[in-house]
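Peer 1: I'd like to ask you about the structure that follows.
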Amino acid sequence: MVKMLDLCLENCKIVPGNKEYCIGIDEGKIISIKTSSIEAVKTIDIKGMVVLPGLIDAHVHMRDPGFTYKEDFKTGTSAAAAGGFTTVLDMPNTKPPTNNVKNFKDKRKIAENKCIVDFGFHAGADNPLNIKKLASLSPASFKIFMDLFDDEILMDILLEISELPLLNGKKPIVSLHAEDNEIIRRYTQIKKDENNLSPTVYADARPPFAEDVAVSKAIMMAKEFNLNMYICHTSTKKSLNFIEKAKIDGCRITSEVTPHHIFLDSSYLEKFGTFAKTNPPLRSKLIKINLTDIYKADIIGTDHAPHTIAEKEKNIWDASPGIPGLETALPLILNEINRGNFTFDEILRLLCRNPARIFNLKNKGFIKEGMDADFVVVDMKKERIINPENFHSKAHYSPFEGFKVKGIPIMTISRGNVVMDDGEILKNKGKYVYS
C-alpha cells in the first residue's frame, strides 16, 4: 500500500510562470510538483495565490541571549514567520557575544528551544585565537565590524581566517560592517563638539565616504588574503559600484542591501528622529541606493535590529541604532511589484536563491523536488497600512509607519508546517540549518 503524502498545496501559482500547480509534501520535503491533483492526508487550497520559496534573511539581530528585553528567538522568529521568512541567520553581537565555542553552543541550545523557523549563526571574529575552533561549528560566516577595529587588528583576524581549511567545500565567508573606524571617530567627535542634537547630524557623523573607504579597503583585503567577502547593508551607489567592478575583476565579494536604505533617505531622520537612526545611516537622495540599482546587489537582508522605545527616544548620540525589518520587508517589495518597479524574479534572486547559494543552505531557496518545504503565500491584492503596534516583534516602532502597501504575505510554511496563517503565528520547532 502506497503511503499518502502529509500535505498537498493545491492551486499554487509558482512564479515567474502563470500556471497553477499542486505541491506534494512529506516529512518536511517537497516530493512532487504537478499540474494534476495529488492525494495527501491534508490539502490546503491556495486559491491561485502566488507561492514563493520561504524567504531567507541573512542578517538579523535576535538579541538572544543577553538583550531579550529588546527581542528573543521566539518573538524574533515569530516576526520572521509573519514576514514570510523561513530561515534567519543571526548576528553575533549578543551578550555574551557569539565569539567562542561555548557561547556559540549555548546560543544554539537557546535557539532550538525558542525558534519557530529555521536558523543559523554568524560567528564573531573579534579574537583571532578563537577562529579555528569556531570554524569547526560551521558558522554562516565570520562577522567583523570594521567600525570597531583598526587596520592592524583587522589584518590579524583576516589572516587567521584565510588560513582555515575549506568549510563545506568552500572558503569561509567574512561578513563585514563596512564603515571606516578612523573616519567615523574623527567625524563623530567633530559633530559632537558642535553640540548639535538634531537627528540629521548623525548622517554627517558617519559620512558616506567612511563606507566607500571601508569597502575599497575590504576589496583589497579580499584579494590580498584570498577571502570570500560579504558586505553587509551597502548604502551608497559608489560602494555598490566598487563591489560590482571588483566582481568583474574576479574578486570573491558579494553585497547586501536593506529595505530601509532602498526605500528611505536621510530626510526621514527629520521626520522620525532617532527612530530612523541606524548604522550605516540613511543617505541623501543623491548618493543612496535606489530600486534602479538593485540589479547590482546580491542579497536583500533586513538587518532586523530591534530596540526598546526608551532606547530609541534618547538623544541622537545616545539612542540605539537599528530598525526592525522582518515584518515590513516583503510587503514593501510586493508593493513595488504592483507598481511595476520590481519583479518576482528579483525576489527569487535576492531573498531566496542567492542567500541559499552564498551561505551554503543546500535545501533552501527553491521550489523543487527534494528541497525543504518552505513557502510563503502572498496575496497581491490585499492592502495594508504599516502599523508597528501590530508587529510580532517586541520592537513596536518603524520609520515605515503609515506606509500604504499592496501585496501581503498571508501564509508561511516551514518544512511543511504552517507557521503563519493570515497573521496568526502557530507553533513550530525551527531547526539549525548547518547540522
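The values are calculated or read from the model by the stated rules, or taken from the named source; none is laboratory data. The shown structure was predicted, so the numbers you read here are calculated from the model rather than taken from an experiment. Heads up, the Cβs are rebuilt from the backbone with ideal geometry, glycines too, and the neighbour counts pull from every protein chain shown. Each accessible area value is taken on the protein alone, full model and side chains, heavy atoms only, with ligands, DNA and RNA left out. Shrake-Rupley method; radii C 1.70, N 1.55, O 1.52, S 1.80 Å.
Peer 1: I'd like the residue in region 269-298 that is of a type in the set (S, T, Y), surrounded by fewer than 20 Cβ atoms within 10 Å (Cβ to Cβ) and touching a helix residue (DSSP H, G or I) at 6+ places or on another chain (Cβ under 9 Å) and, out of all such residues, is nearest to L350 (Cα to Cα).
Peer 2: Y295
Peer 1: In region 279-298, is there at least one residue being among the basic types (K, R) and touching a residue at least 60 places away in the same chain (Cβ under 8 Å)?
Peer 2: The answer is yes, given that some residue of region 279-298 is among the basic types (K, R) and touching a residue at least 60 places away in the same chain (Cβ under 8 Å).
Peer 1: Here's something else I'd like to know. Restricting attention to region 313-324, which residues are closer than 21 Å to L89 by Cβ and open to solvent by 10 Å² or more (accessible area, probe 1.4 Å)?
Peer 2: The answer is P321, and nothing else.
Peer 1: Among the listed residues D90, D118, D126, D72, which satisfies the condition of being modelled with pLDDT of 95 or more, acidic (D, E) and out of contact with any strand residue (DSSP E or B) (no Cβ under 7 Å at 6 or more places or on another chain)?
Peer 2: D72
Peer 1: Please specify each residue of region 151-173 satisfying the condition of being over 24 Å from the mean Cα position of the chain (by Cα) and among the small types (G, A, S).
Peer 2: Answer for region 151-173, where residues must be over 24 Å from the mean Cα position of the chain (by Cα) and among the small types (G, A, S): just S162.
Peer 1: Also, I was wondering about something else. Tell me, which strands (runs of 3 or more DSSP E) lie completely within region 66-162 with 3 or more residues that are among the hydrophobic types (A, V, I, L, M, F, W, C) and crowded, with 23+ Cβ neighbours inside 10 Å?
Peer 2: By residue number, 85-90.
Peer 1: Okay, next question. Hey, could you check region 15-33 for residues that are buried (at least 19 other Cβ atoms within 10 Å of the Cβ) and in contact (Cβ under 8 Å) with a residue 40 or more places away in the chain and say which is nearest to the chain's Cα centre (by Cα)?
Peer 2: By that ranking, first place goes to I30.
Peer 1: Also, quick follow-up: Evaluate region 31-48: report whether one residue or more is in contact with a helix residue (DSSP H, G or I) (Cβ under 9 Å, 6 or more places away or on another chain) and not in a loop (DSSP other than H, G, I, E, B).
Peer 2: no
Peer 1: Go through I337, I358 for me and flag whichever is farther than 22 Å from A140 by Cβ, β-branched (V, I, T) and surrounded by 19 or more Cβ atoms within 10 Å (Cβ to Cβ).
Peer 2: Result: I337 is the single residue among I337, I358 that is farther than 22 Å from A140 by Cβ, β-branched (V, I, T) and surrounded by 19 or more Cβ atoms within 10 Å (Cβ to Cβ).
Peer 1: Please determine, by comparing only the residues of region 167-200 that are outside any helix (DSSP H, G or I) and among the aliphatic types (A, V, I, L, M), which one is surrounded by the fewest Cβ atoms within 10 Å (Cβ to Cβ). Spell out how you get there, then give the answer.
Peer 2: Taking region 167-200 first, the residues outside any helix (DSSP H, G or I) are 167-180, 194-200.
Subsequent filtering for residues that are among the aliphatic types (A, V, I, L, M) retains 167, 173-174, 176, 178, 197.
Details: L167: 18, I173: 24, V174: 24, L176: 29, A178: 29, L197: 13.
Step by step, filter region 167-200, then rank; the result is L197.
Peer 1: Working only within region 201-221, note down all residues that are more than 24 Å from W317 (Cβ to Cβ) and either touching a residue at least 60 places away in the same chain (Cβ under 8 Å) or part of a loop (DSSP other than H, G, I, E, B) (or both). Write out each step before concluding.
Peer 2: Kept after step one, since they are more than 24 Å from W317 (Cβ to Cβ), are these residues of region 201-221: 215-221.
Matches in region 201-221: K217, A218, M221.
Peer 1: Next question, about the same structure. List the number of the failed condition for G423; all other conditions in (1) within 29 Å of L264 (Cα to Cα); (2) touching a helix residue (DSSP H, G or I) at 6+ places or on another chain (Cβ under 8 Å); (3) touching a residue at least 60 places away in the same chain (Cβ under 8 Å); (4) buried (at least 19 other Cβ atoms within 10 Å of the Cβ) hold.
Peer 2: Just one mismatch for G423, condition (4).
Peer 1: Right, here's the next one. Of the residues in region 219-236, how many are under 21 Å from E163 (Cβ atoms), open to solvent by less than 60 Å² (accessible area, probe 1.4 Å) and of a type outside the set (F, W, Y)?
Peer 2: Final tally of qualifying residues: 6.
Peer 1: In region 375-385, what residues are open to solvent by 10 Å² or more (accessible area, probe 1.4 Å) and touching a residue at least 24 places away in the same chain (Cβ under 8 Å)?
Peer 2: Selection gives D379, M380, K381, K382, E383, R384.
Peer 1: From S239, S266, grab the single residue that is open to solvent by less than 10 Å² (accessible area, probe 1.4 Å) and in contact with a Ser or Thr (Cβ under 9 Å, 6 or more places away or on another chain).
Peer 2: S239
Peer 1: Let me confirm something: among G416, G365, G423, G407, which residue is over 21 Å from the mean Cα position of the chain (by Cα) and on the phi > 0 side of the Ramachandran plot? Steps first, please.
Peer 2: Working: G365 fails: over 21 Å from the mean Cα position of the chain (by Cα); G423 fails: over 21 Å from the mean Cα position of the chain (by Cα); G407 fails: over 21 Å from the mean Cα position of the chain (by Cα).
Just one listed residue meets the conditions, G416.
Peer 1: Looking only at region 133-173, which residues are over 25 Å from F119 (Cα atoms) and of a type in the set (F, W, Y)?
Peer 2: F149
Peer 1: I've got another one for you. In region 242-263, what count of residues is obtained for those that are in a helix (DSSP H, G or I), closer than 16 Å to K296 by Cβ and open to solvent by 20 Å² or more (accessible area, probe 1.4 Å)?
Peer 2: Residues flagged as in a helix (DSSP H, G or I), closer than 16 Å to K296 by Cβ and open to solvent by 20 Å² or more (accessible area, probe 1.4 Å) within region 242-263 amount to 5.
Peer 1: The conditions are (1) small (G, A, S); (2) in a loop (DSSP other than H, G, I, E, B); (3) over 27 Å from S320 (Cβ atoms); (4) under 17 Å from the mean Cα position of the chain (by Cα), and S435 fails exactly one of them. Which is it?
Peer 2: Unmet condition: (4).
Peer 1: If you take the residues in region 273-299 that are outside any loop (DSSP other than H, G, I, E, B) and of a type in the set (V, I, T), which one is nearest to K312 (Cα to Cα)?
Peer 2: The qualifying residue nearest to K312 (Cα to Cα) is T274.
Peer 1: If you don't mind, there's one more thing I want to ask. Please state which one of K171, K191 is basic (K, R) and at pLDDT 95 or above.
Peer 2: K191
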